[in-house]
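Accompanying notes for the structure given below.
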Amino acid sequence: MMITQMMNDMVALAKLDLLLDECLAQPIISPRDLETPYSQYHSTNFVPAPRDIAYIDEVLHQRHAQLRNISFQLSIAQSAFRKLEALQTRLEESASRVRLSVISHKALTSPIRRIPPEVLGEIFYHCLPTAPYVTPRDVESPMVLTQVCRHWRAVAMSTPRLWTSITLHVGLATDEGYRSMCEAWLGRAKSLPFAMRVLNDLDGPDPCTQAHIVSWLRQLLMRCHDFWWHGPALDSLLDKDDALSTVTCAVSPTPYLTHLRVTSHRGNVYAVRLPGPAPCLHAAFLQCTTHHLRSLDRIHLSWPQLTELSLHFALLDSTVLLRLLSLCTSLRFLAVSSLCADPDQLALLRTLRAGAIRHSTLRRVEMRVIRHGLDAVLDALTAPALEELDIGFCYRECDPWPHTEFVEFVKRSGRALRKLVVGQNKSVARHLAEYSTLAPGLTVTVR
């Protein structure tokens with residue numbers, strides 16, 4: 001029935017199209033068709049005689065008849081045009097509905113419908129932001145994936161790997177609704193450890209609020225394998241002094257924690273103390289660009305198990321560096337800035353015998369030197385496994401290159417060094433020929 005009606009409509013429209021072609025084929029009235037013997041006088045002062053007036057009146061009678069005929073045709077054309085417009089609107093609406101029907105039915109045969117849920121979940125995982133810590137937003141994965149259809153939402157909600165990363169704001173954590181959202185997010189990770197970045201943007205919380213937030217964060221920290229704290233430490237979370245603590249908390253082990261990052265503490269105190277044992281921790285990144293690190297008294301980590309360590313401070317004493325190398329017996333990668341030594345430290349460092357600190361696992365070292373002390377560090381250190389050494393001077397050509405100490409260090413370490421990079425100190429260039437024979441395969445780059 002529908003096909004027959006469609007065929008009838010198409011025949012009717014084809015006939016209408018032919019009729020319009022016939023109408024358009026009719027000749028149009030041209031200016032020549034309207035010319036009379038008196039047309040030449042329309043812009044002159046011609047005064048017609050009585051017989052001329054009779055002729056002109058006859059012309060006017062014909063013109064009025066033509067005008068009535070054209071007006072009648074025009075009204076019919078306008079009516080037809082309105083009907084054609086209405087017909088066009090109806091046809092466009094019909095076409096839109098048909099297109100939607102095509103799309104919906106075509107979607108039924110789409111290959112994506114045949115993808116197993118576990119494969120679709122893997123695809124979703126590769127749609128996550130490239131940043132290691134995901135900030136919950138409706139317009140980004142994984143949340144945006146839950147808004148496509150019920151099937152995608154079910155798959156996303158049941159894929160734990162999509163929910164193993166989050167960024168939290170301590171200032172928002174005072175709101176129970178925000179904490180519930182974060183707990184629901186991480187709850188979808190089920191038993192998987194997760195990566196968590198915490199931004200402490202809370203200024204001067206009252207003790208009750210702080211205790212509540214610390215208790216909540218400690219529970220989350222117990223499930224982290226990667227934890228980044230940015231901002232001032234909270235008492236009993238990363239800064240616990242039993243004599244001064246205003247918050248009492250039980251020990252909270254962090255059995256999954258492998259990576260720790262603590263950055264941008266404000267004030268004169270920099271403290272890092274995990275709320276419990278972290279037996280798997282092997283990488284730590286500590287930074288405070290306004291703090292001078294003079295000792296490790298307020299930094300408590302499982303130093304012997306660390307394999308990667310980065311320390312970036314406004315100033316870092318050379319004695320602290322050597323102390324770290326003594327403690328971090330499993331270290332393979334070390335990055336420090338800005339290394340310095342005052343006269344008292346230099347005097348203490350020079351009391352150490354050459355090679356007094358031996359480190360057998362260190363493979364790569366990056367150091368940024370801001371003041372004297374590099375020569376004493378090289379003189380005190382032996383690193384038989386060291387393959388790459390990258391030394392940058394914060395002030396161009398300010399400090400001399402410790403050539404003698406470097407040569408003795410390489411010889412004492414067994415000549416295992418393969419790569420030396422020196423930044424902002426071109427005085428090393430005069431020793432390149434000697435260094436080419438110092439260790440087999442050693443390459444030197446001067447930046």
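The values are calculated or read from the model by the stated rules, or taken from the named source; none is laboratory data. The structure presented is a predicted model; accordingly, all values stated were derived computationally and were not measured. Cβ sites come from the backbone with ideal geometry, for glycine too, and all protein chains shown count toward neighbours. With ligands, DNA and RNA removed, areas are computed over all heavy atoms of the protein, side chains included. Shrake-Rupley method; radii C 1.70, N 1.55, O 1.52, S 1.80 Å.
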Exercise. P(r) of the chain in 10 Å steps, Cα pairs, percent per bin?
Worked result: 4, 14, 16, 13, 11, 8, 5, 5, 6, 7, 5, 3, 1, 0
For this session: Provide, as a two-decimal number, the C-alpha radius of gyration of the stretch 248-363 over 2.2 N^0.38 Å, N being how many residues it has.
Result: 1.11
Exercise. What helices does the chain hold that run 24 Å or longer along their axis, going by alpha-carbon atoms, with a Kyte-Doolittle average of 0.0 or more, using DSSP H for the helix calls?
Worked result: 2-25
Problem set entry | Mean accessible surface per residue for the stretch 1-79, computed with a 1.4 Å probe while every protein chain stays in place, in Å² | 91 Å²
Exercise. Met6 accessible area, nearest 10 Å², 1.4 Å probe?
Worked result: 100 Å²
Exercise. What fraction, in whole percent, of alpha-carbon pairs in the stretch 343-447 exceed 17 Å separation?
Worked result: 51 percent
Seminar exercise, completed: Stretched fully, the stretch from Cys208 through Leu34 gains (0.36 nm per residue minus C-alpha distance, one decimal, in nm) 52.7 nm
For this session: For Arg298 and Gln147, calculate 0.36 nm times their separation in residues minus their Cα-Cα distance, and state this gained length in nm to one decimal.
Result: 49.7 nm
Exercise. Quick one: ranking Lys411, Lys190 by accessible area, 1.4 Å probe, largest first, what do you get?
Worked result: Lys190, Lys411
Exercise. Once the stretch 116-236 is represented by equal point scatterers at the alpha-carbon sites, with solvent omitted, what log10 I(q)/I(0) does the Debye formula produce at q = 0.15, 0.19 Å⁻¹?
Worked result: -0.69, -1.01
For this session: Report the calculated FRET efficiency for Ser330 and Glu93 (r = Cβ-Cβ distance, R0 = 60 Å), to the nearest 0.05.
Result: 0.25
Seminar exercise, completed: For Lys419, the lysines lying under 19 Å Cα to Cα, once residues fewer than eight places off in the same chain are dropped, come out as Lys411
Problem set entry | Size of charge dipole - the chain - debye, nearest 20, with Cβ of Lys, Arg +1 and Asp, Glu -1, no other charges | 1420 debye
Problem set entry | Probe 1.4 Å, protein heavy atoms only - accessible area per residue of the stretch 266-375 in square angstrom | 44 Å²
Seminar exercise, completed: For the stretch 316-361, shape from the Cα gyration tensor axes a ≥ b ≥ c, cut at a/c of 1.5 then a/b versus b/c, turns out oblate
Exercise. For the stretch 394-447, which chymotrypsin sites (Phe, Trp or Tyr not before Pro) are in a loop by DSSP, counting at most 12 other Cβ atoms within 10 Å?
Worked result: Tyr395
Exercise. Where a Cα-Cα gap under 19 Å defines reach, which lysines qualify for Lys83, not counting those fewer than 8 residues away within the same chain?
Worked result: Lys15
Seminar exercise, completed: Rounded to the nearest 10 Å², the 1.4 Å probe accessible area of Thr44 is 70 Å²
Seminar exercise, completed: In nm, the gap between the two label points placed 7 Å beyond Cα toward Cβ at Ile70 and Ala356 is 11.4 nm
Exercise. Restricting attention to the alpha-carbon atoms of the stretch 1-158, what are Rg (one decimal) and Dmax (integer), both in Å?
Worked result: 34.5, 103
Problem set entry | Surface share of carbon and sulfur [accessible, 1.4 angstrom probe, percent] for the chain | 58 percent
Problem set entry | Longest exposed-site-free window of the chain, the sites being GluC sites (Glu not before Pro) in a DSSP loop that have at most 11 other C-beta atoms within 10 Å | 36-396
